[in-house]
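Q: Got a structure for you, questions after.
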Amino acid sequence: MSEATAVPYPVVLQVLPALGGGGVERGTVEITAAIAAAGGGALVASAGGRLAGAVERAGGRNIRLPLDTRNPWRIWRNAARLAELIGAGHVDIVHARSRAPAWSAWLAVRRTGAHFVTTYHGAYQEDLPFKRHYNAVMASGERVIAISHFIAGLIRARHGIDAARIRVIPRGVDPAVFDPDAVSTERLVRLARTWRLPDGQPTVVLPARLTRWKGQTVLVEALARMHNRDVGAVLVGAEQGRRGYAAELVALAERCGVAERLRLVGHCDDMPAALMLSDVVVNASTEPEAFGRVVIEAQAMARPAIATDHGGAVETIEHGVTGWRVPPGDADALAAALDYVLSLPQEERVALGQRARASVSAHYTVQAMQAATIEVYREVLG
(Lines give C-alpha, C1' and ligand atoms only; values in the text may rest on other atoms or scores of the structure.)
Protein backbone atom coordinates (compact mmCIF):
# COMPACT_ATOMS: atom_id res chain seq x y z
CA MET A 1 0.00 0.00 0.00
CA SER A 2 1.52 3.32 -1.06
CA GLU A 3 1.95 6.30 1.26
CA ALA A 4 -0.68 8.12 -0.81
CA THR A 5 -3.33 5.68 0.35
CA ALA A 6 -2.07 5.16 3.90
CA VAL A 7 -4.44 5.87 6.79
CA PRO A 8 -3.12 7.67 9.90
CA TYR A 9 -3.48 4.60 12.09
CA PRO A 10 -7.27 4.33 12.42
CA VAL A 11 -9.06 1.36 13.90
CA VAL A 12 -11.75 0.02 11.59
CA LEU A 13 -14.40 -2.44 12.75
CA GLN A 14 -16.16 -4.39 9.99
CA VAL A 15 -19.45 -6.04 10.95
CA LEU A 16 -21.27 -8.83 9.11
CA PRO A 17 -23.44 -11.81 10.10
CA ALA A 18 -20.85 -14.58 9.74
CA LEU A 19 -17.63 -15.51 7.97
CA GLY A 20 -18.74 -18.15 5.49
CA GLY A 21 -17.28 -18.39 2.01
CA GLY A 22 -19.29 -15.86 -0.02
CA GLY A 23 -18.23 -12.68 -1.75
CA VAL A 24 -19.11 -10.42 1.19
CA GLU A 25 -16.97 -12.52 3.51
CA ARG A 26 -14.01 -12.67 1.12
CA GLY A 27 -14.24 -8.91 0.62
CA THR A 28 -14.12 -8.47 4.39
CA VAL A 29 -10.87 -10.46 4.56
CA GLU A 30 -9.38 -8.48 1.66
CA ILE A 31 -10.17 -5.14 3.30
CA THR A 32 -8.82 -6.45 6.61
CA ALA A 33 -5.50 -7.04 4.84
CA ALA A 34 -5.58 -3.54 3.36
CA ILE A 35 -6.24 -1.89 6.73
CA ALA A 36 -3.42 -3.85 8.36
CA ALA A 37 -1.04 -3.02 5.50
CA ALA A 38 -1.89 0.67 5.86
CA GLY A 39 -0.94 0.59 9.54
CA GLY A 40 -4.46 0.60 10.92
CA GLY A 41 -6.20 -1.64 13.39
CA ALA A 42 -8.46 -4.19 11.69
CA LEU A 43 -11.32 -5.66 13.72
CA VAL A 44 -14.07 -7.94 12.41
CA ALA A 45 -17.20 -8.76 14.40
CA SER A 46 -19.33 -11.69 13.29
CA ALA A 47 -20.73 -15.00 14.46
CA GLY A 48 -17.61 -16.70 13.10
CA GLY A 49 -17.21 -19.21 10.33
CA ARG A 50 -14.63 -20.89 8.16
CA LEU A 51 -12.97 -17.61 7.11
CA ALA A 52 -12.34 -16.50 10.70
CA GLY A 53 -8.80 -17.83 10.47
CA ALA A 54 -8.28 -15.90 7.24
CA VAL A 55 -9.10 -12.68 9.08
CA GLU A 56 -6.35 -13.42 11.60
CA ARG A 57 -3.88 -14.35 8.86
CA ALA A 58 -4.70 -11.08 7.06
CA GLY A 59 -3.57 -9.15 10.15
CA GLY A 60 -6.95 -8.59 11.74
CA ARG A 61 -8.66 -9.63 14.93
CA ASN A 62 -11.86 -11.66 14.80
CA ILE A 63 -14.42 -11.01 17.53
CA ARG A 64 -17.33 -13.40 17.89
CA LEU A 65 -20.70 -11.77 18.40
CA PRO A 66 -24.13 -13.24 17.56
CA LEU A 67 -24.69 -10.87 14.63
CA ASP A 68 -26.35 -13.54 12.45
CA THR A 69 -29.85 -12.69 13.70
CA ARG A 70 -32.79 -10.57 12.58
CA ASN A 71 -34.54 -10.73 15.91
CA PRO A 72 -35.22 -7.08 16.93
CA TRP A 73 -34.42 -7.69 20.59
CA ARG A 74 -31.12 -9.34 19.72
CA ILE A 75 -30.27 -6.56 17.27
CA TRP A 76 -30.74 -4.14 20.16
CA ARG A 77 -28.59 -6.30 22.44
CA ASN A 78 -25.89 -6.50 19.75
CA ALA A 79 -25.89 -2.69 19.55
CA ALA A 80 -24.88 -2.51 23.20
CA ARG A 81 -22.16 -5.10 22.68
CA LEU A 82 -20.81 -3.23 19.66
CA ALA A 83 -20.86 0.07 21.58
CA GLU A 84 -18.73 -1.57 24.28
CA LEU A 85 -16.37 -2.94 21.65
CA ILE A 86 -16.08 0.45 19.93
CA GLY A 87 -15.13 2.09 23.21
CA ALA A 88 -12.75 -0.61 24.40
CA GLY A 89 -11.06 -0.94 21.01
CA HIS A 90 -10.86 2.81 20.32
CA VAL A 91 -12.66 2.22 17.03
CA ASP A 92 -12.64 5.16 14.61
CA ILE A 93 -14.79 3.73 11.81
CA VAL A 94 -17.50 1.07 11.78
CA HIS A 95 -17.99 -0.49 8.35
CA ALA A 96 -21.28 -2.42 8.03
CA ARG A 97 -21.72 -5.01 5.29
CA SER A 98 -25.14 -6.53 5.97
CA ARG A 99 -28.52 -5.22 7.09
CA ALA A 100 -29.18 -6.74 10.52
CA PRO A 101 -25.63 -6.11 11.81
CA ALA A 102 -25.83 -2.66 10.22
CA TRP A 103 -28.82 -1.76 12.40
CA SER A 104 -26.85 -2.79 15.49
CA ALA A 105 -23.85 -0.83 14.24
CA TRP A 106 -25.95 2.26 13.44
CA LEU A 107 -27.33 2.29 16.98
CA ALA A 108 -23.83 1.77 18.39
CA VAL A 109 -22.21 4.64 16.48
CA ARG A 110 -24.99 6.98 17.59
CA ARG A 111 -23.98 6.19 21.17
CA THR A 112 -20.24 6.39 20.64
CA GLY A 113 -19.62 8.97 17.91
CA ALA A 114 -17.63 6.62 15.68
CA HIS A 115 -17.79 7.18 11.92
CA PHE A 116 -20.15 4.95 9.94
CA VAL A 117 -19.54 3.48 6.47
CA THR A 118 -21.72 0.93 4.67
CA THR A 119 -21.28 -1.29 1.64
CA TYR A 120 -24.51 -1.90 -0.27
CA HIS A 121 -23.82 -5.45 -1.42
CA GLY A 122 -27.17 -6.56 -2.86
CA ALA A 123 -30.26 -5.62 -4.81
CA TYR A 124 -32.27 -6.22 -1.66
CA GLN A 125 -35.87 -7.33 -2.10
CA GLU A 126 -38.74 -5.03 -1.10
CA ASP A 127 -41.55 -7.57 -1.32
CA LEU A 128 -42.78 -7.16 2.28
CA PRO A 129 -44.15 -4.17 4.21
CA PHE A 130 -41.44 -2.02 5.84
CA LYS A 131 -38.72 -3.82 3.83
CA ARG A 132 -37.51 -0.58 2.26
CA HIS A 133 -37.09 0.90 5.73
CA TYR A 134 -35.19 -2.21 6.83
CA ASN A 135 -32.92 -1.95 3.77
CA ALA A 136 -32.41 1.81 4.21
CA VAL A 137 -29.80 1.34 6.93
CA MET A 138 -27.40 0.26 4.18
CA ALA A 139 -27.80 3.73 2.65
CA SER A 140 -27.25 5.57 5.94
CA GLY A 141 -23.47 5.65 6.06
CA GLU A 142 -21.44 8.84 5.87
CA ARG A 143 -20.14 7.15 2.74
CA VAL A 144 -22.12 4.41 1.01
CA ILE A 145 -20.03 2.04 -1.08
CA ALA A 146 -21.92 0.62 -4.07
CA ILE A 147 -20.34 -2.47 -5.60
CA SER A 148 -21.47 -1.54 -9.13
CA HIS A 149 -23.01 1.34 -11.03
CA PHE A 150 -26.19 -0.75 -11.16
CA ILE A 151 -26.33 -0.73 -7.35
CA ALA A 152 -25.47 2.98 -7.20
CA GLY A 153 -28.47 3.73 -9.40
CA LEU A 154 -30.68 1.52 -7.26
CA ILE A 155 -29.58 3.32 -4.08
CA ARG A 156 -30.40 6.73 -5.56
CA ALA A 157 -33.77 5.55 -6.87
CA ARG A 158 -34.89 3.81 -3.69
CA HIS A 159 -33.43 5.94 -0.95
CA GLY A 160 -32.98 9.35 -2.55
CA ILE A 161 -29.61 10.03 -0.95
CA ASP A 162 -27.17 12.60 -2.24
CA ALA A 163 -25.02 11.06 -4.96
CA ALA A 164 -22.02 12.80 -3.35
CA ARG A 165 -22.18 10.25 -0.50
CA ILE A 166 -21.99 7.25 -2.85
CA ARG A 167 -18.70 5.71 -3.93
CA VAL A 168 -18.74 3.03 -6.63
CA ILE A 169 -16.08 0.43 -5.81
CA PRO A 170 -16.39 -2.74 -7.90
CA ARG A 171 -15.38 -6.08 -6.44
CA GLY A 172 -12.00 -7.43 -7.47
CA VAL A 173 -9.95 -10.55 -7.99
CA ASP A 174 -6.28 -11.17 -7.34
CA PRO A 175 -4.79 -11.67 -10.82
CA ALA A 176 -1.87 -13.54 -9.28
CA VAL A 177 -4.25 -16.15 -7.82
CA PHE A 178 -6.67 -16.21 -10.75
CA ASP A 179 -3.91 -16.71 -13.29
CA PRO A 180 -4.04 -19.45 -15.94
CA ASP A 181 -0.28 -19.88 -15.78
CA ALA A 182 -0.37 -20.43 -12.00
CA VAL A 183 -2.62 -23.52 -12.13
CA SER A 184 -0.55 -26.68 -12.28
CA THR A 185 -1.44 -29.78 -14.28
CA GLU A 186 -1.57 -31.71 -11.01
CA ARG A 187 -4.34 -29.44 -9.68
CA LEU A 188 -6.35 -29.89 -12.86
CA VAL A 189 -5.96 -33.66 -12.90
CA ARG A 190 -6.88 -33.95 -9.23
CA LEU A 191 -10.05 -31.91 -9.65
CA ALA A 192 -11.06 -33.63 -12.90
CA ARG A 193 -10.82 -36.98 -11.13
CA THR A 194 -12.82 -35.69 -8.17
CA TRP A 195 -15.55 -34.49 -10.52
CA ARG A 196 -15.30 -37.67 -12.64
CA LEU A 197 -15.09 -35.69 -15.87
CA PRO A 198 -14.96 -37.83 -19.05
CA ASP A 199 -11.83 -37.27 -21.13
CA GLY A 200 -12.38 -34.88 -24.00
CA GLN A 201 -15.93 -33.86 -23.10
CA PRO A 202 -16.63 -30.11 -23.53
CA THR A 203 -17.47 -28.78 -20.08
CA VAL A 204 -19.73 -25.92 -19.03
CA VAL A 205 -19.33 -24.77 -15.42
CA LEU A 206 -21.85 -22.76 -13.41
CA PRO A 207 -20.30 -21.66 -10.09
CA ALA A 208 -22.95 -20.56 -7.59
CA ARG A 209 -24.53 -21.76 -4.38
CA LEU A 210 -27.58 -23.92 -5.01
CA THR A 211 -30.46 -21.51 -4.81
CA ARG A 212 -33.23 -21.01 -7.33
CA TRP A 213 -32.45 -17.46 -8.46
CA LYS A 214 -28.92 -18.47 -9.47
CA GLY A 215 -30.50 -20.12 -12.51
CA GLN A 216 -29.25 -23.70 -12.35
CA THR A 217 -32.58 -24.88 -13.82
CA VAL A 218 -32.06 -22.58 -16.81
CA LEU A 219 -28.70 -24.23 -17.54
CA VAL A 220 -30.15 -27.74 -17.21
CA GLU A 221 -32.91 -26.88 -19.69
CA ALA A 222 -30.39 -25.21 -22.02
CA LEU A 223 -28.21 -28.32 -21.93
CA ALA A 224 -31.16 -30.32 -23.24
CA ARG A 225 -31.83 -27.82 -26.05
CA MET A 226 -28.29 -27.53 -27.40
CA HIS A 227 -27.40 -28.93 -30.79
CA ASN A 228 -24.09 -30.13 -29.35
CA ARG A 229 -25.09 -33.29 -27.47
CA ASP A 230 -21.59 -34.05 -26.18
CA VAL A 231 -21.43 -31.17 -23.70
CA GLY A 232 -21.39 -31.83 -19.95
CA ALA A 233 -22.40 -29.32 -17.27
CA VAL A 234 -20.97 -28.99 -13.76
CA LEU A 235 -22.83 -27.13 -11.02
CA VAL A 236 -20.22 -25.94 -8.51
CA GLY A 237 -21.63 -24.69 -5.23
CA ALA A 238 -22.79 -25.75 -1.80
CA GLU A 239 -26.43 -26.70 -1.34
CA GLN A 240 -26.47 -24.95 2.07
CA GLY A 241 -29.22 -27.22 3.33
CA ARG A 242 -31.31 -26.93 0.16
CA ARG A 243 -31.44 -30.66 -0.46
CA GLY A 244 -34.91 -30.35 -1.94
CA TYR A 245 -33.64 -28.00 -4.64
CA ALA A 246 -30.68 -30.26 -5.39
CA ALA A 247 -33.06 -33.21 -5.80
CA GLU A 248 -35.26 -31.05 -8.03
CA LEU A 249 -32.30 -30.32 -10.30
CA VAL A 250 -31.48 -34.01 -10.61
CA ALA A 251 -35.11 -34.83 -11.40
CA LEU A 252 -35.24 -32.05 -14.01
CA ALA A 253 -32.09 -33.40 -15.66
CA GLU A 254 -33.64 -36.86 -15.80
CA ARG A 255 -36.83 -35.51 -17.40
CA CYS A 256 -34.77 -33.57 -19.93
CA GLY A 257 -32.63 -36.58 -20.75
CA VAL A 258 -29.34 -35.00 -19.66
CA ALA A 259 -28.83 -36.60 -16.23
CA GLU A 260 -25.73 -38.48 -17.40
CA ARG A 261 -24.21 -35.16 -18.55
CA LEU A 262 -24.89 -33.19 -15.36
CA ARG A 263 -22.78 -33.17 -12.22
CA LEU A 264 -23.52 -31.50 -8.90
CA VAL A 265 -20.13 -31.35 -7.20
CA GLY A 266 -20.78 -29.14 -4.16
CA HIS A 267 -18.33 -26.60 -2.78
CA CYS A 268 -14.91 -26.27 -4.41
CA ASP A 269 -11.83 -24.96 -2.60
CA ASP A 270 -9.83 -24.48 -5.81
CA MET A 271 -11.87 -22.16 -8.01
CA PRO A 272 -8.99 -21.21 -10.33
CA ALA A 273 -8.61 -24.90 -11.26
CA ALA A 274 -12.40 -25.28 -11.52
CA LEU A 275 -12.56 -22.43 -14.01
CA MET A 276 -9.58 -23.75 -15.97
CA LEU A 277 -11.42 -27.06 -16.43
CA SER A 278 -14.32 -25.24 -18.10
CA ASP A 279 -14.72 -24.54 -21.79
CA VAL A 280 -17.41 -21.99 -20.94
CA VAL A 281 -18.34 -20.41 -17.59
CA VAL A 282 -22.00 -19.51 -17.11
CA ASN A 283 -23.75 -17.07 -14.79
CA ALA A 284 -27.47 -17.78 -15.31
CA SER A 285 -28.96 -15.71 -12.48
CA THR A 286 -32.63 -14.93 -13.05
CA GLU A 287 -32.51 -11.89 -10.76
CA PRO A 288 -29.92 -9.11 -11.24
CA GLU A 289 -26.56 -9.76 -9.62
CA ALA A 290 -25.38 -6.79 -7.61
CA PHE A 291 -21.98 -7.39 -9.16
CA GLY A 292 -21.29 -11.04 -10.03
CA ARG A 293 -17.75 -11.89 -8.98
CA VAL A 294 -17.86 -15.21 -10.85
CA VAL A 295 -17.80 -13.33 -14.14
CA ILE A 296 -14.56 -11.49 -13.44
CA GLU A 297 -12.98 -14.60 -11.95
CA ALA A 298 -13.71 -16.45 -15.19
CA GLN A 299 -12.40 -13.53 -17.23
CA ALA A 300 -9.23 -13.38 -15.13
CA MET A 301 -8.70 -17.05 -16.00
CA ALA A 302 -9.17 -16.13 -19.69
CA ARG A 303 -12.24 -18.35 -19.98
CA PRO A 304 -15.23 -17.56 -22.21
CA ALA A 305 -18.09 -16.33 -20.00
CA ILE A 306 -21.82 -16.10 -20.68
CA ALA A 307 -23.99 -14.16 -18.23
CA THR A 308 -27.54 -12.89 -18.07
CA ASP A 309 -28.05 -9.40 -19.43
CA HIS A 310 -28.86 -7.46 -16.28
CA GLY A 311 -27.27 -6.22 -13.07
CA GLY A 312 -23.53 -6.09 -12.70
CA ALA A 313 -22.81 -8.26 -15.75
CA VAL A 314 -23.81 -5.38 -18.01
CA GLU A 315 -20.73 -3.55 -16.70
CA THR A 316 -18.25 -6.45 -16.60
CA ILE A 317 -19.02 -8.08 -19.97
CA GLU A 318 -18.67 -6.21 -23.24
CA HIS A 319 -20.89 -8.38 -25.42
CA GLY A 320 -18.92 -10.24 -28.07
CA VAL A 321 -15.65 -8.65 -26.93
CA THR A 322 -14.96 -9.94 -23.40
CA GLY A 323 -17.88 -12.40 -23.15
CA TRP A 324 -21.55 -12.73 -24.02
CA ARG A 325 -24.86 -11.72 -22.43
CA VAL A 326 -28.23 -13.46 -22.85
CA PRO A 327 -31.74 -12.59 -21.62
CA PRO A 328 -32.44 -13.83 -18.07
CA GLY A 329 -34.39 -17.06 -17.73
CA ASP A 330 -34.19 -17.81 -21.46
CA ALA A 331 -32.97 -21.40 -21.86
CA ASP A 332 -33.21 -21.23 -25.66
CA ALA A 333 -30.99 -18.16 -25.82
CA LEU A 334 -28.47 -19.72 -23.43
CA ALA A 335 -28.42 -22.94 -25.48
CA ALA A 336 -27.80 -20.97 -28.68
CA ALA A 337 -25.01 -18.96 -27.02
CA LEU A 338 -23.33 -22.11 -25.70
CA ASP A 339 -23.50 -23.76 -29.13
CA TYR A 340 -22.04 -20.63 -30.71
CA VAL A 341 -19.16 -20.24 -28.25
CA LEU A 342 -18.22 -23.92 -28.37
CA SER A 343 -18.20 -23.80 -32.17
CA LEU A 344 -15.71 -20.92 -32.33
CA PRO A 345 -12.20 -21.72 -33.52
CA GLN A 346 -9.75 -22.16 -30.68
CA GLU A 347 -7.77 -19.07 -31.67
CA GLU A 348 -10.88 -16.88 -31.38
CA ARG A 349 -11.65 -18.19 -27.90
CA VAL A 350 -8.05 -17.61 -26.87
CA ALA A 351 -8.14 -14.03 -28.19
CA LEU A 352 -11.36 -13.33 -26.33
CA GLY A 353 -9.89 -14.77 -23.16
CA GLN A 354 -6.88 -12.49 -23.45
CA ARG A 355 -9.13 -9.44 -23.88
CA ALA A 356 -11.22 -10.48 -20.91
CA ARG A 357 -8.19 -10.93 -18.66
CA ALA A 358 -6.81 -7.55 -19.75
CA SER A 359 -10.14 -5.92 -18.84
CA VAL A 360 -10.07 -7.45 -15.36
CA SER A 361 -6.47 -6.38 -14.81
CA ALA A 362 -7.40 -2.82 -15.78
CA HIS A 363 -10.64 -2.45 -13.81
CA TYR A 364 -11.43 -5.26 -11.36
CA THR A 365 -8.51 -6.16 -9.11
CA VAL A 366 -8.48 -6.68 -5.36
CA GLN A 367 -5.69 -4.11 -5.15
CA ALA A 368 -7.85 -1.43 -6.77
CA MET A 369 -10.77 -2.29 -4.49
CA GLN A 370 -8.54 -2.12 -1.41
CA ALA A 371 -7.00 1.24 -2.37
CA ALA A 372 -10.41 2.79 -3.11
CA THR A 373 -11.83 1.58 0.21
CA ILE A 374 -8.88 2.95 2.16
CA GLU A 375 -9.50 6.27 0.43
CA VAL A 376 -13.13 6.20 1.64
CA TYR A 377 -11.87 5.74 5.19
CA ARG A 378 -9.58 8.73 4.72
CA GLU A 379 -12.51 10.82 3.53
CA VAL A 380 -14.66 10.17 6.58
CA LEU A 381 -11.72 10.79 8.89
CA GLY A 382 -11.26 14.20 7.27
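The values are calculated or read from the model by the stated rules, or taken from the named source; none is laboratory data. As the structure is a computational prediction, the values presented were derived from the model and not from experiment. Using ideal geometry, Cβ is built from the backbone for each residue, glycine included, and neighbour counts are taken over all protein chains shown.
Q: When you go through ALA305, ALA274, ALA300 one by one, which is the residue that is in contact with a Gly (Cβ under 7 Å, 6 or more places away or on another chain), modelled with pLDDT of 95 or more, small (Gly, Ala, Ser) and under 21 Å from GLY172 (Cα atoms)?
A: That would be ALA305, the only listed residue that is in contact with a Gly (Cβ under 7 Å, 6 or more places away or on another chain), modelled with pLDDT of 95 or more, small (Gly, Ala, Ser) and under 21 Å from GLY172 (Cα atoms).
Q: Name the residue that is nearest to ALA302 (Cα to Cα), counting only residues in segment 129-177 that are of a type in the set (S, T, N, Q) and surrounded by fewer than 22 Cβ atoms within 10 Å (Cβ to Cβ). Explain how you work it out, then say what you get.
A: Step one: of segment 129-177, the residues of a type in the set (S, T, N, Q) are 135, 140, 148.
When the remaining residues are screened for being surrounded by fewer than 22 Cβ atoms within 10 Å (Cβ to Cβ), the result is 135, 140.
Working: ASN135: 36, SER140: 38 Å.
Within segment 129-177, the match that is nearest to ALA302 (Cα to Cα) is ASN135.
Q: Taking the residues in segment 283-321 that are of a type outside the set (Gly, Ala, Ser) and farther than 22 Å from GLY23 by Cα as candidates, determine which candidate is farthest from the chain's Cα centre (by Cα). Talk me through it step by step, then tell me what you get.
A: The first filter runs over segment 283-321 and keeps only residues of a type outside the set (Gly, Ala, Ser), leaving 283, 286-289, 291, 293-297, 299, 301, 303-304, 306, 308-310, 314-319, 321.
With farther than 22 Å from GLY23 by Cα added as a condition, the list becomes 318-319, 321.
Details: GLU318: 19, HIS319: 21, VAL321: 23 Å.
Across segment 283-321, the extreme among qualifying residues is VAL321.
Q: Same structure, new question: Which ones in segment 82-97 are in contact with a Ser or Thr (Cβ under 9 Å, 6 or more places away or on another chain), among the small types (Gly, Ala, Ser) and not in a helix (DSSP H, G or I)?
A: The one that is in contact with a Ser or Thr (Cβ under 9 Å, 6 or more places away or on another chain), among the small types (Gly, Ala, Ser) and not in a helix (DSSP H, G or I): ALA96.
Q: Are any of the residues in segment 351-370 within 23 Å of GLY232 (Cβ to Cβ), crowded, with 18+ Cβ neighbours inside 10 Å, modelled with pLDDT of 95 or more and among the charged types (D, E, K, R)?
A: Scanning segment 351-370, I find no residue that is within 23 Å of GLY232 (Cβ to Cβ), crowded, with 18+ Cβ neighbours inside 10 Å, modelled with pLDDT of 95 or more and among the charged types (D, E, K, R), so the answer is no.
Q: Would you mention how many residues in segment 57-76 are in contact with a strand residue (DSSP E or B) (Cβ under 6 Å, 6 or more places away or on another chain) and not small (Gly, Ala, Ser)?
A: Number of matching residues: 5.
Q: Ok, one more. Being assigned by TED's automatic domain parsing to the domain that holds GLU84, out of contact with any Leu (no Cβ under 9 Å at 6 or more places or on another chain) and either outside any strand (DSSP E or B) or within 23 Å of ALA83 (Cα to Cα) (or both) is the requirement here; does ALA33 meet it?
A: Here the answer is yes, as ALA33 does meet what is asked.
Q: Moving to a separate point now. Does segment 316-336 contain any residue that is small (Gly, Ala, Ser) and within 20 Å of VAL24 (Cβ to Cβ)? Break it down into steps so the answer makes sense when it comes.
A: If we filter segment 316-336 for residues that are small (Gly, Ala, Ser), which is where we start, we get 320, 323, 329, 331, 333, 335-336.
If we keep only those that are within 20 Å of VAL24 (Cβ to Cβ) too, we end up with none.
No: zero hits.
Q: Select, from ARG209, ARG167, ARG187, the only residue that is charged (D, E, K, R) and in a helix (DSSP H, G or I).
A: Just one listed residue meets the conditions, ARG187.
Q: In segment 201-221, how many are touching a strand residue (DSSP E or B) at 6+ places or on another chain (Cβ under 6 Å) and over 17 Å from ASP279 (Cα atoms)?
A: 1
Q: Just to verify a result, which residue in segment 101-127, among those that are part of a helix (DSSP H, G or I) and touching a Leu at 6+ places or on another chain (Cβ under 7 Å), is farthest from LYS214 (Cα to Cα)?
A: By that ranking, first place goes to ALA108.
Q: What number goes with the only condition from (1) among the acidic types (Asp, Glu); (2) without any contact (Cβ under 8 Å) to a residue 40 or more places away in the chain; (3) crowded, with 17+ Cβ neighbours inside 10 Å; (4) within 19 Å of LEU197 (Cβ to Cβ) that GLU239 does not pass?
A: All conditions are met except number (4).
Q: Filter segment 275-319 down to the residues that are among the hydrophobic types (A, V, I, L, M, F, W, C) and more than 29 Å from PRO198 (Cα to Cα) and list them by number. Steps first, please.
A: Filtering segment 275-319 for residues among the hydrophobic types (A, V, I, L, M, F, W, C) gives 275-277, 280-282, 284, 290-291, 294-296, 298, 300-302, 305-307, 313-314, 317.
Across segment 275-319, the qualifying residues are ALA290, PHE291, ALA313, VAL314, ILE317.
A quick yes/no check of all residues on (1) under 23 Å from the mean Cα position of the chain (by Cα); (2) at pLDDT 95 or above:
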| site | (1), (2) |
| --- | --- |
| ILE166 | yes, yes |
| ASP179 | yes, yes |
| GLU186 | no, yes |
| PRO198 | no, no |
| LYS214 | yes, yes |
| ALA224 | no, yes |
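Q: In this structure, does GLU239 turn out to be among the acidic types (Asp, Glu), part of a loop (DSSP other than H, G, I, E, B), within 27 Å of the chain's Cα centre (by Cα) and more than 30 Å from GLN370 (Cβ to Cβ)?
A: Spelling it out, GLU239 is indeed among the acidic types (Asp, Glu), part of a loop (DSSP other than H, G, I, E, B), within 27 Å of the chain's Cα centre (by Cα) and more than 30 Å from GLN370 (Cβ to Cβ).
Q: Pick from segment 317-359 the residues that are in contact with a Ser or Thr (Cβ under 8 Å, 6 or more places away or on another chain) and touching a residue at least 40 places away in the same chain (Cβ under 8 Å): which of them is farthest from ILE296 (Cα to Cα)?
A: Here the answer is GLY329.
Q: Any residue that is assigned to a loop (DSSP other than H, G, I, E, B), among the hydroxyl-bearing types (Ser, Thr, Tyr) and closer than 28 Å to ILE317 by Cα - is there at least one of those in segment 217-225?
A: Checked against the condition, which is being assigned to a loop (DSSP other than H, G, I, E, B), among the hydroxyl-bearing types (Ser, Thr, Tyr) and closer than 28 Å to ILE317 by Cα, segment 217-225 yields no hits at all.
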